[in-house]
Amino acid sequence: MPTRRQFLHGASAAILSVSVVSRVQAASLPEAPSQTKPQTQPPPLPANGPSYNPVVTLNGWSLPWRMKDGVKEFHLIAEAVVRELAPGMKANLWGYNGQSPGPTIECVEGDRVRIFVTNKLPEHTTVHWHGVRLPNGMDGVGGLTQSHIKPGETFAYEFVMKQSGTFMYHPHSDEMVQMAMGMHGFLVVHPRDSKRYRVDRDFVFLINAHDIDPGSMTPKVNTMLDFNLWTFNSRVFPGIDSLVVRKGDRVRIRMGNLSMTSHPIHLHGYHFTVTGTDGGWVPPSAQWPEVTIDVPVGAMRAFEFVADEPGDWALHCHKSHHTMNAMGHQVPTMIGVEQQDIAKKISGLVPDYMVMGEKGMADMGAMEMPLPANTLPMMTGQGPFGAIEMGGMFTVVKVREGLARNDYKDPGWYKHPDGTVAYRVDDKRA
Ligand SMILES: [Cu+2]
């Protein structure tokens, strides 16, 4: 006798064979939950349908669904939101369900999904399901495969998740503006056999960027390359949560790049294995070891490692300008330039003039300089040994012994065993 699950699976396959998409009445729209907290929300276990091991969206959350006649129904609201990039700076963005990036949509291979999109933006939009194999008319390219969704309208996208993997969603309507304003999210399709590709901790985040002048709140949407806020899930260090990991766990990190340049993401302390792209899982024979993986524009990369070495391990973009917050790129290099004489002359004209950069810029990490309202220091963050001197795309993988299975609370700084920290040498000959 078929089990209930097999029956439902068969039923959804039968629905798939009908090529006509059922029209759903507006009155039966599912709820559209909203989330505005910038902290990482604990991963929700599936309320119904096949089980899976949920992902943890860094500084984000996953969208609940309702099951209706065997179809998973989600409801996205495209709308203006306010996102805190880090304590001290907020941005006017566009996103979904209260936040930018939008919530992660999680489902299971073989699921039939119906995703409602209500447009509360001042202009039309669509949603493209980046990387998903689906019928052409569900691909979300405004003008090409569907009418644009006008303000106030709701459209339904309906398809079967044919394969597991890591995908993204974003508009294909006034794309430059809507992407620059922060409209994107993750779409994770779990394998139907939950033991396949299983890991203990599974983190996801989007790599994006904004150009927001100090003192303002709205991104400059025409910027092509010279962004000043390089973000993981629209957060910058020190606003990005740590990735908390139990020693011995198998860990996966999935990163999607919807910015306008590539990001070589580097993990300290481990050799990891590249196991996934948006094209699917990399077969074991083709996986390769790395310590840095370049995530190209419009692509996803997933890597895995076994967390056998406790500590606070940096995870960051290796383009050093991407680990800085708002800064001017036209500033002359002053290393080695004697500025004292000039400073005396200038301070006669500008009373608070400060000499900067003569010995490098490290002092700026600790300096308490007055900033315009609503911006962040260029490099910041205090660690147990002093200023970390980082901003932007930087966070820490905190590997600790003895955590509970689903404990993602920040455990504080690593306490190094005696004799395992680099130390100062007093050279008696000097
Ligand atoms: Cu980068």
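The values are calculated or read from the model by the stated rules, or taken from the named source; none is laboratory data. Values in this document were obtained by computation on a predicted structure and should not be read as measured data. Because the Cβ atoms are built from the backbone with ideal geometry, glycine has one as well, and the counts that use them run over all protein chains shown.
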Which condition does LYS162 not pass, out of (1) in contact (Cβ under 8 Å) with a residue 40 or more places away in the chain; (2) over 19 Å from HIS184 (Cα atoms); (3) in contact with a helix residue (DSSP H, G or I) (Cβ under 8 Å, 6 or more places away or on another chain), if it passes all the others?
(3)
Residue that is surrounded by the most Cβ atoms within 10 Å (Cβ to Cβ) [pool: residues in the range 132-168 that are farther than 20 Å from PRO101 by Cβ and β-branched (Val, Ile, Thr)]
VAL160
Hey, any hits in the range 288-303 for a residue that's touching a residue at least 60 places away in the same chain (Cβ under 8 Å), aromatic (Phe, Trp, Tyr) and more than 23 Å from LEU403 (Cβ to Cβ)?
no
If you scan the range 191-235, which residues turn out to be closer than 19 Å to MET168 by Cα and over 20 Å from the mean Cα position of the chain (by Cα)?
PRO191
Checked the range 392-408 for anything of a type outside the set (Asp, Glu), more than 16 Å from the ligand (Cβ to nearest atom), surrounded by 11 or more Cβ atoms within 10 Å (Cβ to Cβ) and in a loop (DSSP other than H, G, I, E, B); matches are LEU403, ASN406, TYR408
Scanning the range 241-261 for residues that are touching a Pro at 6+ places or on another chain (Cβ under 8 Å) and part of a strand (DSSP E or B), the one nearest to the ligand (Cβ to nearest atom) turns out to be ASN257
Within the range 262-276, take every residue that is in contact (Cβ under 8 Å) with a residue 40 or more places away in the chain and near the ligand (Cβ under 8 Å from one of its atoms) and give me the one that is farthest from TRP288 (Cα to Cα).
HIS263
Give the residues of the range 70-89 that are over 18 Å from the mean Cα position of the chain (by Cα) and part of a loop (DSSP other than H, G, I, E, B), sorted by residue number.
GLY70, GLY88
Close pairs from the range 224-248: first within 15 Å of LEU93 (Cβ to Cβ) and without any contact (Cβ under 8 Å) to a residue 60 or more places away in the chain, partner in a loop (DSSP other than H, G, I, E, B) and of a type in the set (S, T, N, Q), Cβ under 8 Å, at least 6 apart
PHE227/SER259
Can you name every residue in the range 271-289 that is at negative phi and under 21 Å from the mean Cα position of the chain (by Cα)?
PHE272, THR273, VAL274, THR275, GLY276, THR277, ASP278, GLY279, TRP281
Of all residues being out of contact with any strand residue (DSSP E or B) (no Cβ under 6 Å at 6 or more places or on another chain) and not basic (Lys, Arg) in the range 142-160, which is nearest to ARG301 (Cα to Cα)? Just the residue, please.
PHE159
Looking only at the range 381-430, how many residues end up being hydrophobic (A, V, I, L, M, F, W, C), touching a residue at least 60 places away in the same chain (Cβ under 8 Å) and closer than 19 Å to HIS316 by Cα?
8
Hey, ASN233 hits all of (1) modelled with pLDDT of 95 or more; (2) within 16 Å of the ligand (Cβ to nearest atom); (3) touching a helix residue (DSSP H, G or I) at 6+ places or on another chain (Cβ under 8 Å) but one; which does it fall short on?
(3)
Identify the residue in the range 292-332 that is modelled with pLDDT under 95 and more than 15 Å from the ligand (Cβ to nearest atom) and, among all such residues, is surrounded by the most Cβ atoms within 10 Å (Cβ to Cβ).
ALA326
Number of the condition not met by SER285 [criteria: (1) loosely packed, with under 15 Cβ neighbours inside 10 Å; (2) touching a residue at least 60 places away in the same chain (Cβ under 8 Å)]:
(2)
Looking at the range 90-107, which of its residues are crowded, with 22+ Cβ neighbours inside 10 Å and assigned to a strand (DSSP E or B)?
ALA91, LEU93, TRP94, GLY95, TYR96, GLN99, THR104, ILE105, GLU106, CYS107
Flag for PRO289 being within 16 Å of the ligand (Cβ to nearest atom) and either farther than 23 Å from TRP230 by Cβ or in a strand (DSSP E or B) (or both):
no
